[in-house]
Amino acid sequence: MSGPVSVRIHGRIAIAEVDHPPVNALSHGVRAGLMEAVERVDASPELDALVIICAGRTFFSGADIKEFGKPPQSPQLPQLIDRLESAAKPVVAAIHGKALGGGLELALGCHARVALSSARIGLPEVKLGLVPGAGGTQRLPRLVGFAAAVPIVAEGGEVPAPKALAMGALDAVVDTDLEAAAIAHAQALVAGGAPLRRTRDLPAPAADAALVEETRKSLARKKRGHSAPQAAIDAILLAQEFPFEEALRRENALCHELMQGAQSKALRHLFAAEREVARVPGLEGVAPRSVSTVGVVGTGTMGAGIVQAFANAGFTVIAVASSEEKASAAMARIGKAYAGLVARGSLSQDESDRRVARISVSAELAALAGADLVVESITEDLARKQALFATLGAVTRPGAILASNTSYLDIDTLAAASGRPADVCGMHFFNPANVMRLLENVRASATATDVLATLMDTGKRIGKLPIMSGVCEGFVVNRLLAKRSREGFFMLEEGATPGQIDKVLTGFGFPMGPYALSDLAGIDLQYAARQVRMAGLTEREKSADFVDQLYALGRYGQKTGAGWYRYGEDRKPQPDPAIAELLAAHAAARGITQRSVGDQEVLERCLYAMVNEGAKLLGEGIVARPHEVDIAMVNAIGWPDTTGGPLWWADATGLPAVRDAMLRYAAIAGDEYWMPAPLIERLVAEGKGFYG
Ligand code: COA
């Protein structure tokens, strides 16, 4: 047999081995090969059973995502699974790595499942905006019961093999020799001679109405705006009303309906984009430098988070503070952070000890002589950073990478100061740095390609989602956010309120509105950031000085009980008449006549401003592809993933309409803020979108 499926014979057992790199997706060739294998076993008197096993790193990772949207090719997955389940002779799935989505559905249709103890199973379809479409929502509950199946189907998490065994999803778990164990299991089934256990013939468990209601509520909160998790519950409940075949047909129809929808398209785009941004043009085949010891200069909130991010991933970390006192205070704070994780049960004491042991602190930059990579995270002050880079250039070994965590400052200036510009770059983390997934790696004009390859590699090693950006003020995330802030402030001048803007944006799907977030992050910090950027602001941006006014009033946000909102004991934001007065007085003092600003205008001005800036970044070559912009905004600021990120969303909205709205807003706020990016004009003229 040619193609990805080969059949070997062991005594009276046929072993169908699937080798379809990289992750054994259930593509057409795989399905066809397995169909042929089961037909052959059923038709051959000298064969007693079929074992299905995969080569490479994993069992089937699911339906082939790359076939979605293309004309279906027979045999389709439900047909194949039905054929396997209907086989007259035992079919045993031998699972290693992960059995995901269609891969698990196929295994559930087999007569037994044997897995390595390191394996995991799951139905992650909801993460792609889908529900299982090949019987997963009908077969899993029949094996594990209703209550155990609901979270697996509706939340898409993975279950480790030992737990899956205890639940009843697996029949045996072994530590080694999977193939031998699966063969032995098949032989035992043959020898036992009992009727085959077909999952479809098991009774459907009764639904637990209270659990359904509770899960629906919790999903509505945790996955706000996502339709797939609710649809997954609908699919499980089909078993209450319909016989197996009909429930399967309806489940499949539901899956196909979701596949055509905007949410699933957006989520699948993000799945592919996450993998695309890892492939930086120009770095193909470039070997990264070796990194095992990392220095972090600056031990404030960001620095301490960065220290933990590296220590958590097994790097040796040397944290340098500006004094002995600050160094020991930082170590104490970091130790406390780990102790907190242990107390909450999210980290073992042993693992915490190992992480802490990887960290040392010093007040001397000379301690960094042996570092392979140094991340600078001191106050945003260009002169101080230049001086630091000059020293780092001298004290670190040649070839050690020097990265700045600056948000706004020009990394080329720091590179020049270091005397080793080829080794200098940016690594821009987001707060809290040990938690947030996005990492903006920054390529300065002289950064060596192997340094860039090291940044991408190291980012992945510390569990981040790294993207590559060129040098510009604010890189991707802060550059786009600055435009949303600008429009927000302009609209506050024109008559909108913080409560209105927050409500419109949370309504769109952001987890928090900009003003509630600003109160949480601290207006004092935004005041400091604004001072750094002041010289680059336009006259109107300088004049929209709400942050300065709040700062002068000591309204720093939640920490002082008042900022854009007032806060009581419950820390819930309450509208504050003092802010309404401040806004009115501000407009009056500047001769601005206030009006009622509509919600649609609020939404468009906040979001289109970001789309336009994203287009500029792309047009200027700061990022290589629109994917970087979408991945950055979804992962750093909670741009709703169901819309695919700003540029995907602009395409879905229709770029000509977006462009026309920009021209309309130019008439209100001024050409300098709203002229569509040249790239947008070009794409509209060509009848294209950012994604073609
Ligand atoms: N269909 C087609 N291609 C798939 C795939 C699938 N179901 N799952 C993964 N791939 C591809 C990825 O796109 C990637 O391709 P690329 O190298 O061209 O970018 C490649 O396989 C490797 O995947 P990656 O995610 O980088 O590898 P990993 O080892 O980190 O993770 C998985 C492997 C299987 C855990 C992960 O890819 C995954 O979760 N896949 C989706 C599973 C899923 O949702 N299945 C249900 C589909 S309805």
Carbon and sulfur: what percent of region 5-259's accessible surface (1.4 Å probe)?
55 percent
Under the definition of Cα pairs under 8 Å and six or more residues apart, what whole-number percent is the relative contact order of the chain?
9 percent
Can you list the HN-Hα couplings for region 360-377, worked out from phi with the Karplus curve (6.51, -1.76, 1.60; θ = phi - 60°), rounded to whole Hz and with x for Gly and Pro?
10, 10, 8, 9, 10, 5, 4, 5, 8, 4, x, 6, 8, 8, 10, 10, 8, 9
If amide H atoms are modeled at 1.01 Å from N in the peptide plane, then the residues at a separation of 5 or more from L438, or on another chain, having amide H under 5 Å from its own are L465
What lysines does K163 reach when the alpha-carbon gap must be under 22 Å and sequence neighbours fewer than 8 apart in one chain are set aside?
K98, K127
Please compute the modelled spin-label separation between S74 and M436, points set 7 Å along Cα→Cβ, answer in nm with one decimal.
5.4 nm
Kirkwood Rh in Å, taken over region 553-675 so that all alpha-carbon pairs contribute:
17.2 Å
Net charge contributed by nearby residues that have their C-beta within less than 13 Å of V114 (K/R +1, D/E -1)
-3
What are the residues whose amide H is under 5 Å from the amide H of V91, where those residues sit 5 or more places off or on another chain and H is modelled from the backbone?
L50, H111, A112
Amide H of S404 versus every other amide H placed in the peptide plane: which residues, excluding those fewer than 5 positions away on the same chain, fall under 5 Å?
E376, C425, G426, M427
What pairs from K336/K503; K217/K265; K503/K559 go past 28 Å between their alpha carbons?
K336/K503
Cβ under 15 Å from P398's Cβ, P398 left aside: what net charge do those residues give with Lys, Arg +1 and Asp, Glu -1?
0
Value of [θ]222 nm, deg cm²/dmol, for the chain, DSSP H segments ≥ 4, -39500 (n - 2.57) each, nearest 500:
-15500 deg cm²/dmol
Once R0 is set to 45 Å, what does the formula 1/(1 + (r/R0)^6) return for the Cβ-Cβ distance between E672 and I9, expressed as a FRET efficiency to the nearest 0.05?
0.05
Region 282-295 - phi-based ³J(HN,Hα) in whole Hz, Karplus 6.51/-1.76/1.60, Gly and Pro as x
x, 9, 4, x, 7, 7, x, 6, 7, 10, 10, 10, 10, x
Would you mind listing how long region 512-589 runs along its three principal axes, going by Cα atoms, in whole Å with the largest first?
39, 27, 22
Residue-wise HN-Hα coupling along region 553-569, computed from phi with Karplus coefficients 6.51, -1.76, 1.60 (Hz; x: Gly, Pro):
7, x, 8, 8, x, 4, 5, 10, x, 7, x, 5, 10, 9, 10, x, 4
Give the relative contact order (percent, whole number) for region 447-576; include only Cα pairs under 8 Å separated by 6+ residues.
17 percent
Go through 476-486, 101-111, 6-16 and give me the packing order, highest mean Cβ count within 10 Å leading.
101-111, 476-486, 6-16
Rounded to the nearest 0.05, what FRET efficiency is calculated for E179 and R275 with R0 set to 30 Å and r the Cβ-Cβ distance?
0.50
Roughly how many Å² is the accessible area per residue of region 512-589, as a whole number, for a 1.4 Å probe?
51 Å²
Over region 534-584, what percent of the accessible surface lies on carbon and sulfur atoms, probe 1.4 Å?
54 percent
Region 5-259, accessible area per residue, ligands and nucleic acids excluded (1.4 Å, Å²)
41 Å²
Convex hull projection area averaged over all views, the chain, Cα basis, nm²:
33.4 nm²
Report, to the nearest 10°, how far helix 523-533 tilts away from the longest principal axis of the Cα atoms in the chain, using its own Cα long axis and a range of 0 to 90°.
70 degrees
Can you tell me the order of 39-45, 499-505, 122-128, 276-282 when each peptide is scored by its average per-residue count of other Cβ atoms within 10 angstrom, highest first?
122-128, 499-505, 276-282, 39-45
Starting from the Cα of A589, step 7 Å along the direction of its Cβ; do the same at A657; then give the gap between the two resulting points in nm.
4.0 nm
Report the FRET efficiency, 1/(1 + (r/R0)^6), for L525 and T391, where r is their Cβ-Cβ distance and R0 is 30 Å, rounded to 0.05.
0.70
Which order do peptides 177-186, 603-612 fall in by mean Cβ count within 10 Å, highest first?
603-612, 177-186
So how tilted is helix 244-260 from the main axis of the chain? Cα-based, degrees 0 to 90, rounded to 10.
30 degrees
How large is the accessible surface per residue of region 293-471, computed with a 1.4 Å probe and reported in Å² as a whole number?
37 Å²
Between the helical axis of 178-192 and the dominant principal axis of the chain, each derived from Cα atoms, what acute angle in degrees is found, rounded to the nearest 10?
40 degrees
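The values are calculated or read from the model by the stated rules, or taken from the named source; none is laboratory data. Fair warning: this is a prediction, and the values are worked out from it, not measured in the lab. Every residue, glycine among them, receives a Cβ derived from its backbone with ideal geometry; neighbour counts consider all protein chains shown. To get the accessible areas, we keep the full protein, side chains included, count just its heavy atoms, and leave off ligands, DNA and RNA. Shrake-Rupley method; radii C 1.70, N 1.55, O 1.52, S 1.80 Å.
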